[in-house]
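What follows is a short report on a single structure.
The values are calculated or read from the model by the stated rules, or taken from the named source; none is laboratory data. Note that the coordinates shown come from a computational prediction; the quantities given were computed from them, not determined experimentally. Note that each Cβ is placed from the backbone with ideal geometry, even for glycine, and that neighbours are counted across all protein chains shown.
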Amino acid sequence: MKSNRKVSSTVLMAVILMMQPALSIRALAAETRAAAPRWSVQLEKIDPANLNIDAAFRVAIYENLLDEVIKTKQFKQVLRDGDRNAQELQNLVILKTTVESYTPGSETRRAVTTVSGATKLRVRNRLCTREGQIVLERTSDGSVRFFGGNLRATHNLAHNVAAALKHSTLPDVMPSVRD
């Protein structure tokens, strides 16, 4: 009985493999290269504008934004502000984030009532080339209304920004000097 299962599973695998189109290693490598992202992005520090926003919120927005942009896999590289490697990259866009509004919330008030205590953030994102040409400009929101810590709003905000970046269309890359 066990040998029949082994034989039938082996025959099934052989049939499946025969039905698959034969692709050479070069064709697979070319598809991988074509699908690879061509732009790199550098995230600038969060600009609080004239708002009194806690340093913990600015850092949390930045770190969550960094994580969420990496998860999109839309960019070849995701660099931090001040990264020396950015100078060497030709196809680089810069993500500038400015806080437009911030409403500090209260976890205690959210736990007691469902109508107050929300933490709300609104930022304006600009994706620019080195020359200053704006590729994308969008406002994104993040909040925590019912359950969760106040810093959860920064994660929700970063998720919304990354989703907007993922659905945006980047311009074609400039041909490099090496091409």
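A count restricted to segment 76-106 and to residues that are under 14 Å from the mean Cα position of the chain (by Cα), surrounded by fewer than 16 Cβ atoms within 10 Å (Cβ to Cβ) and in a strand (DSSP E or B) stands at 1. Taking residue 112, is it touching a strand residue (DSSP E or B) at 6+ places or on another chain (Cβ under 9 Å) and more than 19 Å from residue 48 (Cα to Cα)? It is false that residue 112 is touching a strand residue (DSSP E or B) at 6+ places or on another chain (Cβ under 9 Å) and more than 19 Å from residue 48 (Cα to Cα).
Picking from residues in segment 108-148 that are over 15 Å from the mean Cα position of the chain (by Cα), hydroxyl-bearing (Ser, Thr, Tyr) and under 30 Å from residue 38 (Cβ atoms), the one that is modelled with the lowest pLDDT is 129. Looking at 122, 130, 138, just one residue is touching a helix residue (DSSP H, G or I) at 6+ places or on another chain (Cβ under 8 Å) and surrounded by fewer than 19 Cβ atoms within 10 Å (Cβ to Cβ), and that residue is 138.
Hey, can you tell me all the residues within segment 83-125 that are in contact with a Phe, Trp or Tyr (Cβ under 7 Å, 6 or more places away or on another chain) and over 30 Å from residue 135 (Cα atoms)? Within segment 83-125, 110, 114 qualify.
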